[in-house]
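Enquirer: My structure is below; once you've seen it, I'll send some questions.
The values are calculated or read from the model by the stated rules, or taken from the named source; none is laboratory data. Here the structure is a predicted model, which means the values were calculated and not measured. Don't worry about glycine lacking a Cβ; one is built from the backbone with ideal geometry, like all the others, and counts go over all protein chains shown.
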Amino acid sequence: MNKISFDFKNRTALVTGGAQGFGLDIAKRFIKSGAKVIIWDIDSKMLEQAIKEINNPNLSSNIVDVSNYNEVQSCINKITKNSNIDILINNAGITGPTAALWEYDVEMWKKVVEINLLGTFNCCRTIVPNMIKNNYGRIVNVASVAGKDGNANASAYSVGKAGAIGLTKSLGKELADKNIAVNAITPAGAKTRILDQMTKEHVQRMLSKVPRGRFLEVEEFTSLVCWLSSEENTFSTAAVFDISGDRSTY
């Protein structure tokens with residue numbers, strides 16, 4: 001796949017859930033495009049591995065639970081003492097177990113929503129003031145087609161991602177008079193470790209809904225993230241960009 005070049009020189013990007021999957025690929029592409037990148041993840045071993053794999057002085061990391069507001073705020077305060085945050089990629093998320101709503105474990109349901117929705121809120125809540133101060137920012141919230149369509153036996157995940165879409169639209173409108181763009185992306189299933197959290201039956205059901213007949217490639221997703229995060233995106237905000245292989249028709 002030929003990759004379009006983007007210029008992220010003199011920009012600092014924060015990528016949550018950046019130690020693997022979408023987040024890791026985004027971090028690699030940002031680094032290659034000249035950005036300084038901070039990756040957050042709750043998995044310390046995966047963070048160490050990501051740092052070794054990329055092996056670049058422009059990459060740093062923090063162990064952060066995005067669902068914990070105080071933890072997020074404390075880390076952001078430390079970062080913004082010495083640097084602006086120009087780009088925020090809210091990528092951290094979990095699918096949770098596969099179960100009918102009336103059989104879903106209550107605490108696990110809350111945990112899935114807290115990470116996928118409140119995690120996005122927490123990061124935006126703490127980082128947006130820095131972007132407002134500098135009148136510049138690009139925020140990409142990683143949602144899902146599940147947030148549009150609703151996936152059977154994945155109510156917590158669907159609700160969390162639907163909430164992230166609503167948050168994107170609200171925040172984008174609140175910042176529309178500034179040079180800050182807030183957009184969401186709704187991918188279909190992709191070849192990442194998140195599929196390992198699902199049953200084979202659930203994965204096959206997801207694939208059967210995609211007219212393209214395959215899962216999303218990580219590099220395809222990253223290219224869309226890069227454009228939305230770049231200075232070239234001067235007009236699109238509060239929007240939802242579909243990358244589902246025609247699974248979603250709106």
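Enquirer: Scanning for something modelled with pLDDT of 95 or more, part of a helix (DSSP H, G or I) and crowded, with 18+ Cβ neighbours inside 10 Å, does the range 81-104 turn up at least one residue?
Expert: No, that holds for no residue.
Enquirer: Return the pair list, or none, for Cβ contacts closer than 6 Å from residues in the range 15-40 that are touching a residue at least 40 places away in the same chain (Cβ under 8 Å) and over 17 Å from SER230 (Cα atoms) to residues that are assigned to a helix (DSSP H, G or I) and of a type in the set (Gly, Ala, Ser), at least 6 apart or on different chains.
Expert: From residues that are touching a residue at least 40 places away in the same chain (Cβ under 8 Å) and over 17 Å from SER230 (Cα atoms), the pairs are GLY17/GLY23; GLY18/ALA27; ALA19/ALA50.
Enquirer: State all residues of the range 38-72 that are of a type in the set (A, V, I, L, M, F, W, C) and under 14 Å from the mean Cα position of the chain (by Cα); if no residue qualifies, say none.
Expert: ILE38, ILE39, TRP40, VAL66 - these are the residues of the range 38-72 that are of a type in the set (A, V, I, L, M, F, W, C) and under 14 Å from the mean Cα position of the chain (by Cα).
Enquirer: Further question: Evaluate the range 168-176: report whether one residue or more is modelled with pLDDT of 95 or more, polar (S, T, N, Q), farther than 28 Å from LYS32 by Cβ and assigned to a helix (DSSP H, G or I). Give the steps one after another, and end with the answer.
Expert: Initial filter on the range 168-176 (modelled with pLDDT of 95 or more): 168-176.
Add one more test, that the residue is polar (S, T, N, Q), and what stays is 168, 170.
Checking the rest, the ones that are also farther than 28 Å from LYS32 by Cβ come to 170.
Now drop any that are not assigned to a helix (DSSP H, G or I), which leaves 170.
Yes, the conditions are met somewhere in the range 168-176.
Enquirer: Can you go through LYS28, LYS3, LYS45 and tell me which one is at pLDDT below 95, charged (D, E, K, R), outside any strand (DSSP E or B) and more than 21 Å from LEU118 (Cα to Cα)?
Expert: Numbers: LYS28 fails: at pLDDT below 95; LYS45 fails: at pLDDT below 95.
LYS3 is the lone residue from the list that is at pLDDT below 95, charged (D, E, K, R), outside any strand (DSSP E or B) and more than 21 Å from LEU118 (Cα to Cα).
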